[in-house]
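Notes to accompany the following structure.
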Amino acid sequence: MRLALCLPLLAMAAAPATAAAPPHLVPQGNTKQLIVDDKPFLILGGELGNSTASDLAALKPHWDDFRRLHMNTVVAPAYWELIEPAEGRFDWSSVDGLLADARGAGQHLVLLWFGSWKNSMSAYVPGWVKRDQARFPRAQRPDGQGSEILSPLAPANVAADARAFAALMAHLKAVDGDRQTVILVQVENEMGMLPTARDRSPTADAAFAAPVPRALTDWLVRHRATLAPELKALWEANGARISGDWRSVFGAGPAGEEVFSAWCFALHADAVARAGKAAYDLPMYVNVALNRPGSAPGDYPSGGPVPHLVDVWKAGAPDIDLIAPDIYFRDFGEILDRYARPDNALFIPEANQAGRAESPAEAMLAFGRYGAFGFSPFSIENAKGPGAAALGEAYDLLDQLAPLILAARGTGRMTGFRPKVSFDGAVDDAPQTATLGDYRITASFLDTWAPKEGQRTETHGALVIRLGPDDYAVAGSGVTFTFAPVTPGPPQAGLERVEEGHYVDGVWRRGRVLNGDQTHQGRFVRLPSGSWGIQRVRLYRYR
Ligand code: DGJ
């Protein structure tokens, strides 16, 4: 059912010869590294509110705020409706203005292609697409009514989208290929069908009654052992068939219809990404509107790259490099557990609303434990107050540590800690342990040396990097560590030396040497709550 696309090759202005390869991903350990200007890059980002980048004058005052927050990347939309106001006539002023302002502020950009779908709806398609329902078919409801959602099954829809996106990528290559302001591109935004599990148009009905493509059933067979449990259970409950129509392979209910929707959206996104990459080969991802526990497909955008459908997307969209969850739910770590896979380097384009007090701790967990290469709260231009200041402190610290974090990603030399938070917000701040090298590290989240009242331990978090056999860097806020050897030799660990300080251009500059009350006379290492800092720890072993 792969949609046959015959996209015209776009005339491309040649970019000036560049010394550096375009931004790309390379494997490192069990993840992938984002390479920008030939060097690994860590995205300390923030995403703009949806309409902000359509008025660059209004955005102007915020660039200084981004610098103060120690951000290095702004995540910003590229709007199809502004870029191609008439079919085949492109207006690059919104993109070029954004590039110029980002460069002037020393920021990179992640561009979001607000193309066929934005939060399921097709609100960002140009007027000439909106008004021509005959040429650009809409998804239909069961009663035959159209919706403001383009059908993911119409070749004309995908062709128009892919052509515009390829034009954007060709333009970026021409104007930014030698600058690498744009380092990553999101294809569409939070795809998925509403309010039903799938498009109910006659075309969709016919496709639903056709055989499931081999590309999908082969994937299920090849990856059976590692499939998302919900998808595996659904497939197996229907006999783990390797052929048949969608109903017979995945069942007649909404869960099976959702698999069909996922396949249709994945093929569309893949065709768009493929056309874009042919013009300018940048790393590309899709973002996810997550489903609440217990909700049904169609209550949330059905068939998006939600946790239980990651395999369908991986099978259907090989040109999409990664699937990036937008995390507005509180069980941040549990969600990352579903997306941190060897075939899915982690980026969080929308880490809830900017300015929340939890953001810095979530960032520590994302980078430290899950090896994310980027983190970006939403509506960053509206971040205000103590939560925003704390994010700035945390980004400062992450910026200092970036060379160490980048070297450790995917290698097992780094971890992160934050209390476990459930979907409904219950905080489990029991101590947690992790082993790095020769030591087991125990992290406690209640800052016993600060007043208990008012401590919100879900805002406490840290990352730990192993620097050598007995050496660690710890960074964060509100976390206290103890260490115990796990390898043969003297069974107890003591603190030989603890320093607080900063990294300047990758070189450690110590401040105070911490001992006495600051380490409870050598019993623990403490990152005080209320501020974000880095300490270096040298351990020794004794009997
Ligand atoms: C998720 C979307 O991806 C964003 O564009 C924005 O609509 C936010 N939701 C709003 O919270």
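Every read-out reported here was derived from the displayed coordinates using simple, explicitly stated rules and does not represent laboratory data. Everything quoted here is computed from the prediction, not taken from an experiment. Neighbour counts run over all protein chains shown; Cβ positions are idealised from the backbone, glycine included.
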Pick out, from region 162-267, the helices (runs of 4 or more DSSP H) lying fully within it that include 1 or more residues that are of a type in the set (S, T, N, Q).
-> 202-209, 214-222, 246-250
When region 410-456 is checked residue by residue, the ones that are free of Cβ contacts under 8 Å to residues at least 24 places away in the same chain and of a type in the set (G, A, S) are A426, A430, G454
Members of region 371-386 that are away from the ligand (no atom under 16 Å from the Cβ) and crowded, with 19+ Cβ neighbours inside 10 Å | G371, A372, F373
Residues located in region 342-361, provided they are surrounded by 24 or more Cβ atoms within 10 Å (Cβ to Cβ) and more than 16 Å from the ligand (Cβ to nearest atom) | A345, P360, A361
Within the bounds of region 75-83, is there any residue that is among the charged types (D, E, K, R), more than 16 Å from A105 (Cβ to Cβ) and away from the ligand (no atom under 16 Å from the Cβ)?
-> no
Residue check, M191 against (1) in contact (Cβ under 8 Å) with a residue 60 or more places away in the chain; (2) more than 16 Å from the ligand (Cβ to nearest atom), all met but one. Which one?
-> (2)
Scan region 326-341 and give yes if some residue there is more than 14 Å from the ligand (Cβ to nearest atom), within 16 Å of the chain's Cα centre (by Cα) and buried (at least 24 other Cβ atoms within 10 Å of the Cβ), otherwise no.
-> yes
Out of all the residues in region 40-53, is one or more touching a residue at least 12 places away in the same chain (Cβ under 8 Å) and part of a helix (DSSP H, G or I)?
-> yes
Quick one: in region 126-143, of everything that is in contact (Cβ under 8 Å) with a residue 24 or more places away in the chain and not in a strand (DSSP E or B), which residue is farthest from R89 (Cα to Cα)?
-> P142
Would you say V95 is under 17 Å from P23 (Cβ atoms) and assigned to a strand (DSSP E or B)?
-> no
Please indicate, with yes or no, whether at least one residue in region 306-328 is among the aromatic types (F, W, Y) and either within 23 Å of A159 (Cα to Cα) or in a strand (DSSP E or B) (or both).
-> yes
